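First up is the structure itself, then whatever we jot down about it.
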Amino acid sequence: MNKIRWGLLSTANINRKLIPAIRMSARGALTAVASRNQQSADAYAAKWEIPQAFGSYEAMLESDAVDAVYIGLPNHLHAEWSIKAMQMGKHVLCEKPFALTLAEVDEMTAVSRETGMVLAEAFMYRHHPQTKIAGEWVRNGRLGDIVLVRGHFSFTIQNRGNVRLVPEWGGGSLWDVGVYPMSLAQFIMGGAPKSVWGAQWIGPSGVDESFSGQMDYGDGRSAQISSAFRLPFYTWGEVMGTQGRLTLNRPFTVMDDGTRQLLFHDADGRVEEIPVPEKELYLGEVEDMHAAILDGQASYLDLAETRDHVRTILALYESARTGQRVILD
């Protein structure tokens, strides 16, 4: 096998961002899509020129048409269908958030080990050169001691029937877009925080429509994150050290012109633009899956880091609910 045959498990809107990446990759081919009924699957396959369409998720998983699946279902279904896919011999790229409980994360991880199927969380921005270069600057000490990481992601939801507003389905701005600045902080700081504070505004549907969090890493190091469904679109990241700071423009989303900017602000206030190679935002996570499946290479974003993502989000929600600082085990 020298090419991975991909199947889309659902016709979710997020697919439109992954489809070009699969087709752009040297070792991937998009061969199938599954929906909850045949009519929907056929229409989607025709629109996106996908060779095979299945009228149920089970039918695609039971077939020999695909080697790997992308799961872009609503948050509460990620664990269930990732597990079913792996048990049917399919590798899985699961959209963030990976799962809604640590028990689900642990079960998914166990099934991956038992079946030998590759399982990865789809945090596309982590694979992009802009993020990797920022990480290299931190690891090489170019910024001195890292003191603060800040990040934000917001957009306005107009349709009140949006699945992101359903509490039972894992709705909420922190689960949906707050996970991005949270994961950036953990990447830069090298792991989960020691403790967190969270504050949220609950909208009419019962989910957090705005969230802000403080993550304490000890020794004077911290991260500040925020997310919202009730603010205009905006996203940014910043890494502050004793010798300067890095700013990342739109680190978590597709750029209109495809370019990304990474700026270094030194201790004297001078600004230097760091070259960032152009790369399609979603291509890196697809190529990483191919390397793990075909070459046996370890996933760039491992499942221990993914577990810390979920652990930290749960702690932030608990803090917001109780009004108390939450210490992570």
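Among the residues of region 294-319, write down those that are over 16 Å from Ala223 (Cβ atoms) and among the aliphatic types (A, V, I, L, M).
Across region 294-319, the qualifying residues are Leu294, Ala298, Leu301, Leu303, Ala304, Val310, Leu314.
Could you grab me the full set of residues in region 30-60 that are over 21 Å from Val286 (Cβ atoms) and of a type in the set (D, E, K, R)?
Residues satisfying the conditions are Arg36, Asp42, Glu58.
Applying the selection to region 85-144, what residues are part of a helix (DSSP H, G or I) and small (Gly, Ala, Ser)?
Correct list: Ala85, Ala103, Ala110, Ser112, Ala134, Gly135.
Go through region 25-36 and give me each residue that's among the small types (Gly, Ala, Ser), assigned to a strand (DSSP E or B) and either out of contact with any strand residue (DSSP E or B) (no Cβ under 8 Å at 6 or more places or on another chain) or crowded, with 16+ Cβ neighbours inside 10 Å (or both).
Gly28, Ala32, Ala34
Of all residues in region 175-233 being in a loop (DSSP other than H, G, I, E, B) and touching a residue at least 60 places away in the same chain (Cβ under 8 Å), which is farthest from Asp302 (Cα to Cα)?
Going through the qualifying residues, I end up with Phe229.
Could you count how many residues in region 37-54 are more than 14 Å from Ala12 (Cα to Cα), of a type in the set (Gly, Ala, Ser) and either surrounded by 17 or more Cβ atoms within 10 Å (Cβ to Cβ) or touching a residue at least 60 places away in the same chain (Cβ under 8 Å) (or both)?
The total comes to 1.
Please indicate, with yes or no, whether at least one residue in region 46-56 is closer than 17 Å to Val163 by Cβ and either modelled with pLDDT under 95 or in a strand (DSSP E or B) (or both).
Scanning region 46-56, I find no residue that is closer than 17 Å to Val163 by Cβ and either modelled with pLDDT under 95 or in a strand (DSSP E or B) (or both), so the answer is no.
Return the residues of region 147-187 that are of a type in the set (A, V, I, L, M) and either surrounded by 21 or more Cβ atoms within 10 Å (Cβ to Cβ) or at positive phi (or both); say none if nothing qualifies.
Val149, Leu165, Leu174, Val177, Val179, Met182, Leu184, Ala185
Taking the condition of being more than 14 Å from Pro74 (Cα to Cα) and touching a residue at least 12 places away in the same chain (Cβ under 8 Å), how many residues in region 153-174 meet it?
7
Quick one: which of Ile14, Ile22 is out of contact with any Pro (no Cβ under 8 Å at 6 or more places or on another chain) and crowded, with 19+ Cβ neighbours inside 10 Å?
On inspection, the qualifying residue turns out to be Ile22.
Six or more apart or on different chains, Cβ under 9 Å: which pairs go from a residue in region 296-318 that's over 21 Å from Met124 (Cβ atoms) to one that's β-branched (Val, Ile, Thr) and assigned to a loop (DSSP other than H, G, I, E, B)? Could you list them?
Partner pairs satisfying both residue conditions: Leu314/Thr101.
Give me a count of the residues in region 234-283 that are exposed (fewer than 14 other Cβ atoms within 10 Å of the Cβ), among the hydroxyl-bearing types (Ser, Thr, Tyr) and without any contact (Cβ under 8 Å) to a residue 60 or more places away in the chain.
Looking only at that region, the number is 1.
The values are calculated or read from the model by the stated rules, or taken from the named source; none is laboratory data. Worth saying up front: this structure is predicted, and the values here are computed from it rather than measured. Reconstructed Cβ throughout: ideal geometry from the backbone, glycine too, with neighbour counts over all protein chains shown.
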